[in-house]
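The structure under discussion appears below in the form of structure tokens.
The values are calculated or read from the model by the stated rules, or taken from the named source; none is laboratory data. What you see is a predicted model; the values in this text were computed from it and never measured. With ideal geometry, Cβ positions are generated from the backbone for all residues, glycine too; neighbour counts draw on all protein chains shown.
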Amino acid sequence: MLEEKDLCCSGSVKTLILACSGGSNTGQASNRAMIELDKKGMGNAYCLAGIGADMSGFIESARTANTILIDGCPVGCGTKSFEKHGITPTQYIVITELGIEKSHNFDNLEAETEEVLKRML
């Protein structure tokens, strides 16, 4: 469960939200949840691909920030990218652990994203 007190920016430390955006409903729900959390002011959406691509600026920004990492499924591409660079997320969420079953069906993506946000907040 995300709590606003844990997520808001304190002083100069930012909160960055990074999400899987893989080719499944849970990957896309992760990405949509990241966008909605950004809109709610709980942090700034940030580029997980930049960390996976070994881009030093992205890596350093994630190291010095509070981070919310949202993976779509237990494969954990996001967490593996973080681990590769010795980064530990402040908060870690796996969409399938919130009760959303992974599939390649995008017909219910809006409802699934709403359910994810309800369970996260």
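One table, with the values for the structure above:
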| read-out | value |
| --- | --- |
| Residues being aliphatic (A, V, I, L, M), out of contact with any Gly (no Cβ under 7 Å at 6 or more places or on another chain) and at pLDDT 95 or above - total across segment 30-48 | 4 |
| Check on residue 55, under 12 Å from the mean Cα position of the chain (by Cα) and not aromatic (Phe, Trp, Tyr) | no |
| Within segment 97-121, tally of residues that are under 13 Å from the mean Cα position of the chain (by Cα) and under 14 Å from residue 25 (Cα atoms) | 2 |
| Residue 112 charged (D, E, K, R), surrounded by 14 or more Cβ atoms within 10 Å (Cβ to Cβ), more than 14 Å from residue 37 (Cβ to Cβ) and at pLDDT 95 or above | yes |
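Every residue, every condition in (1) in contact (Cβ under 8 Å) with a residue 12 or more places away in the chain; (2) out of contact with any Cys (no Cβ under 6 Å at 6 or more places or on another chain); (3) not acidic (Asp, Glu), yes or no:
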position	(1), (2), (3)
23	yes, yes, yes
38	yes, yes, no
47	yes, yes, yes
57	no, yes, yes
88	no, yes, yes
